[in-house]
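What follows is calculated from the coordinates using simple rules that are stated; it is not laboratory data. The structure presented is a predicted model; accordingly, all values stated were derived computationally and were not measured. Note that each Cβ is placed from the backbone with ideal geometry, even for glycine, and that neighbours are counted across all protein chains shown.
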Amino acid sequence: MIKNISRFVNARVFGFFRLSWLILIFPAVSLQAQPANPDFEVQKIAPDVYAVIRKEPPSLWFNPNTIFIIGKRDVTVVDTNISSQYTREVLAALKKLTAKPVRYVVNTHWHEDHIIGNRVYREAFPKVEFIGHKSTLVDLPTIGATNRQGSVENGRGFTELLKTLIGKGENLAKQKLTEEERLGYSSDIKLVESYLKEAPDFQIILPTVLVENRLEFDDGTRKIEILYLGRAHTGADLVVSLPKEKIVASGDLIVAPVPLVGSTSYPLEYGATLENLLKLKAKIIIPGHGAVQRDEAYARLMIRLLNSIKQQTESAVQRGENLEQLRKSVNLEEFRKAFAGDSQHKSFVFQNYVFLPATAAAYRQLTEKK
Ligand SMILES: [Zn+2]
């Protein structure tokens, strides 16, 4: 085609020909090869099971992976996004795979990056049910609301700060900005801006189907199990298990490449909860954020990290240390290296999403018990 066109192109007809080439050829090309969304990749994990894996680089704000489980009559979706805008893009990807309606949306926990987009499914499928842990009913309107207020109040200042730092070529720790940090901060700015744009109009949808320990149903193709395996990333994380396919969607129990322990976590029980996850004997773990895991290695590394946090913080509190002293005695350097390697940016993420919140949460757990 191109060869034929170039044969006819000369100075006189070039203008006309180029125009007609654009009109005639371009629409046909763009209809055939629908451009993939640059922010995520839809991966087929098993027949009728797809993972929407986010491509935002690991950084300080988060957008979760989504899972589509296509049953005989309808679809179960695991987790929505940090804004309706992102969820609409994910729903558009689902519609390319199937015309079946979404019957269930499972929210693995109450953190808002996993729930803000719920309304998109309600608007598209009025009969949709939202499955959540029963404590979400209490947590979302209380700690959830406080969290949300903080994110909205601080969001604008945070994006301004990141923009200034990018301009100055400096990172949050006042070091020289690396390229990884620049990409991470740029992604954070995009996520926060999308979230803030929706903030005046947030519609927080509470679960309509509650799970305490276990909920099981058949979608006509397979058994779907929704399980509570113990406290970990929050007080009530749910995982979705497909025993036939040996797939587990772990929510934020597993986050890669750097774990997300976070300030609303339960570090003393987190390791044991991950052991329960591995007892499901899944061959594939789809994490809340990050790449699909096809063996236990990453989960085992997380278990070692969490067990080390538990053991070191327990010893520190037994020695009578306060939080400040405990943070000096607890050493997670081996794990920082394992998760962050030589990356300045991932080390910062480890410090702020593992070391600082995990030591605070473990200290809180240990001193509350007394
Ligand atoms: Zn979370």
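Miscellaneous remarks
- Kirkwood hydrodynamic radius of region 27-173, Cα pairs, Å: 17.1 Å
- Using the Cβ-Cβ distance between Glu333 and Ala297 with R0 = 22 Å, the FRET efficiency computed as 1/(1 + (r/R0)^6) comes to roughly 0.65.
- Across region 199-271, Cα-Cα pairs more than 20 Å apart make up 44 percent of the total.
- Treating each Cα of region 234-285 as one equal point scatterer and applying the Debye formula with no solvent, the log10 of I(q)/I(0) at q = 0.21, 0.26 Å⁻¹ comes out as -0.77, -1.09.
- Antiparallel beta bridges, as assigned by DSSP with both residues in the chain, represent about 65 percent of the total such bridges.
- Low-density loop cleavage sites - trypsin sites (Lys or Arg not before Pro) in region 74-166, where at most 12 other Cβ are within 10 Å (DSSP): Lys127
- Taking the C-alpha atoms of region 256-370, convex hull volume expressed per residue in Å³: 99 Å³
- Hull shadow area, averaged, the chain [alpha-carbon convex hull, nm²]: 23.2 nm²
- Links that overshoot a 31 Å alpha carbon limit, given the list Lys163/Lys310; Lys127/Lys223; Lys55/Lys283: Lys163/Lys310
- Spin-label pair Gln351/Phe217, simplified geometry with 7 Å Cα→Cβ offset, distance in nm: 4.6 nm
- For region 137-267, convex hull of alpha carbons as volume per residue, Å³: 162 Å³
- Burial ordering of Thr208, Thr264, Thr76, Thr146, fewest other beta-carbon atoms within 10 Å first: Thr146, Thr208, Thr264, Thr76
- Computed from the Cβ-Cβ distance with R0 of 45 Å, the FRET efficiency linking Glu225 to Thr164 stands at 0.40.
- For region 111-209, radius of gyration divided by Kirkwood radius, i.e. Rg to Rh on alpha-carbons: 1.09
- Highest GNM mean-square fluctuation among Val49, Val317, Val239, for the chain modelled with Cα contacts below 10 Å: Val317.
- Paramagnetic label zone (point 7 Å from Cα along Cα-to-C-beta, Lys244; backbone N under 17 Å) in region 65-81: 68-77
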